[in-house]
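The values are calculated or read from the model by the stated rules, or taken from the named source; none is laboratory data. Nothing here was measured: the structure is a model prediction, and the numbers come from that model. Cβ sites come from the backbone with ideal geometry, for glycine too, and all protein chains shown count toward neighbours.
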Amino acid sequence: MASVIPFGQPILTGHHSEGRDRRYRARVHATFGRAFELHDTANALDRRAEAVGKGGVSGDDPEAIPKLTSEAGRAGGTARQDEAHERPDSPRGSRRA
């Protein structure tokens, strides 16, 4: 679409074709803008499609309980962290009832 206008061709101010040329350039600009938006949307959807199945354990999974218990064991804090959470002077411990 943009190949119709030679590169560097100015808008001929005062010429009878000025209005048509400005409208055509605006249409070219809008078309390219839409193409870039769609390209970005396609990239975002590709990233989302790649992430399917990597977000954690599904509730529909029959092996969900063993997976969750194994993840909880790996993600557990150290004894020092657990002690810090239980101290009454700890900001985190003071919120617990």
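Summary of values
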| item | result |
| --- | --- |
| Scope segment 41-64; condition among the β-branched types (V, I, T) and either closer than 30 Å to A2 by Cα or assigned to a helix (DSSP H, G or I) (or both); matching residues | T41 |
| Cβ-Cβ under 8 Å pairs, at least 6 apart or on other chains, segment 30-48 side in the same structural domain as A2 (by TED's automatic domain parsing), far side assigned to a helix (DSSP H, G or I) | F32/A2 |
| Lone qualifier among L38, L12 - being among the aliphatic types (A, V, I, L, M) and at pLDDT 95 or above | L38 |
| Some residue of segment 74-91 being of a type in the set (K, R), modelled with pLDDT under 75 and in a loop (DSSP other than H, G, I, E, B) | yes |
| Selection count, segment 1-40, where residues are in a helix (DSSP H, G or I), more than 30 Å from the chain's Cα centre (by Cα) and β-branched (V, I, T) | 1 |
